[in-house]
Amino acid sequence: MKISWFVPPVSKYSLLPDWISRKMRIGYYHYDHVPGSVYLRCSLLIYYLEEQGIRCYLNNPSADADIAVFVRWQDEQAYQELQRQKGKGRVTVFDQVINYFDVAGIFPGNYGSTEEQKAQILQMVNSVDAFTCSSEFIRQRANQQGITGHYIPETVDLRHFRDYKKKESFHKKSITAIWSGQPVKATELSELIPLLQKRDISLTVIASRKPDISGPFECIPYSYNTFPQSILAGDVCVSPRKTDNTYDLGHSYWKIGTFMVCGVPALAAPIPSYVEAIGKTGGGRICESTADWESALDYIAENRDVLWEWSQAAREGMIAHYSTENVVKQYIALFEKLLDSRKS
């Protein structure tokens, strides 16, 4: 099996020769250079797929491939390349991590979903042999549009997230809550910070720069290479998030999953993928209201042993359900099924 992957061009080269494609596969094309979702749903997978003997190409339209996969690339240039790949007889797949089936508008910080993006995603999904996505919520929204989708979760790479919390690390005098994300989205913490302060729970934020939010917190600079060690500075991951719009509801579990695989349990808003991850692992608690947040914070403050119990459940569950080694098998199974369907 040979797969040609197409992602949004990140340099002046929109069409890459194979030697650049291979250079990118062996290390240049890493998480700090591209959107995280492109790394998780393309670059990272390539390593594991090639170990299974599956030859992969990246942004190489002339590659002699069996399957062409488009990841988070849905503009007119992507559509034209998709048509060229179809013309060459390739099985085609389109993958998206954001719910563009609904128009939520643009939020402060310049993120969200627009009519143009909805038109683009519909054009792509109606032209491919298969549509894959990173959350069950997006799959369901696609289904409501008459589109059959395949939910394949994002993955945690155990070769990268090797370190994890030990029992003794939860025996500190105080508890540290921890959050990671884009600085502009740290406003999600605004209502939570007073609740943490009231209980003498400190807050650590991992971000590319210090967010502009009020209240005391420590900021650790984000880098993919140092992220696993930075995670260990926290005792419990906190992830409040808006649930009143279809943009946020479509997000994957990744925001809490990286912490959970390192043994840092999560307290999180009822985003469907968060509910799924915590439900499958038992590594935390869902908080649907301010009262739920207060109750959960009081619970861990008064029952330190539960953090260790949740820690073990979180790591074991994440490995079982979301490790790259296991999830990549879902991709292979889908690709083989698509190829078999083409032959029959």
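The values are calculated or read from the model by the stated rules, or taken from the named source; none is laboratory data. These numbers were taken from a predicted model, which means no experiment stands behind them. As a convention, Cβ positions derive from the backbone with ideal geometry for all residues, glycine included, and neighbour counts pool all protein chains shown.
Tabulated values for the structure
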{"read-out": "From the options Y100, Y79, residue that is assigned to a helix (DSSP H, G or I), modelled with pLDDT of 95 or more and either over 21 Å from the mean Cα position of the chain (by Cα) or surrounded by 23 or more Cβ atoms within 10 Å (Cβ to Cβ) (or both)", "value": "Y79"}
{"read-out": "So K185, is it buried (at least 19 other Cβ atoms within 10 Å of the Cβ), among the charged types (D, E, K, R) and within 18 Å of A233 (Cα to Cα)", "value": "no"}
{"read-out": "Any hit, the stretch 278-291, residues being free of Cβ contacts under 8 Å to residues at least 24 places away in the same chain, crowded, with 23+ Cβ neighbours inside 10 Å and closer than 25 Å to S169 by Cα", "value": "yes"}
{"read-out": "Residue in the stretch 103-113 that is closer than 17 Å to V71 by Cα and in a loop (DSSP other than H, G, I, E, B) present", "value": "no"}
{"read-out": "Which numbered condition D212 fails, given (1) at pLDDT 95 or above; (2) in the same structural domain as Q312 (by TED's automatic domain parsing); (3) in a loop (DSSP other than H, G, I, E, B)", "value": "(1)"}
{"read-out": "Test set (1) in contact with a Gly (Cβ under 9 Å, 6 or more places away or on another chain); (2) farther than 25 Å from P272 by Cα - C237 fails condition number", "value": "(2)"}
{"read-out": "Every residue from the stretch 118-139 that is touching a residue at least 12 places away in the same chain (Cβ under 8 Å) and among the hydrophobic types (A, V, I, L, M, F, W, C)", "value": "I121, L122, M124, V125, V128, A130, F131, C133, F137, I138"}
{"read-out": "Residue check for D248: acidic (D, E) and either over 20 Å from the mean Cα position of the chain (by Cα) or not in a helix (DSSP H, G or I) (or both)", "value": "no"}
{"read-out": "Test for R285: is it in contact with a strand residue (DSSP E or B) (Cβ under 6 Å, 6 or more places away or on another chain), among the basic types (K, R) and farther than 26 Å from Y100 by Cα", "value": "yes"}
{"read-out": "Residues of the stretch 306-319 satisfying the condition of being in contact with a helix residue (DSSP H, G or I) (Cβ under 9 Å, 6 or more places away or on another chain) and either free of Cβ contacts under 8 Å to residues at least 24 places away in the same chain or not in a helix (DSSP H, G or I) (or both)", "value": "V306"}
{"read-out": "Restricting the stretch 229-243 to residues that are touching a residue at least 60 places away in the same chain (Cβ under 8 Å) and either part of a loop (DSSP other than H, G, I, E, B) or in contact with a His (Cβ under 6 Å, 6 or more places away or on another chain) (or both), the residue that is surrounded by the fewest Cβ atoms within 10 Å (Cβ to Cβ)", "value": "L232"}
{"read-out": "T258 vs. criteria crowded, with 19+ Cβ neighbours inside 10 Å, within 21 Å of F94 (Cα to Cα) and of a type in the set (V, I, T)", "value": "no"}
{"read-out": "Test: residue in the stretch 295-311 that is closer than 22 Å to H160 by Cα, surrounded by 15 or more Cβ atoms within 10 Å (Cβ to Cβ) and under 17 Å from the mean Cα position of the chain (by Cα)", "value": "no"}
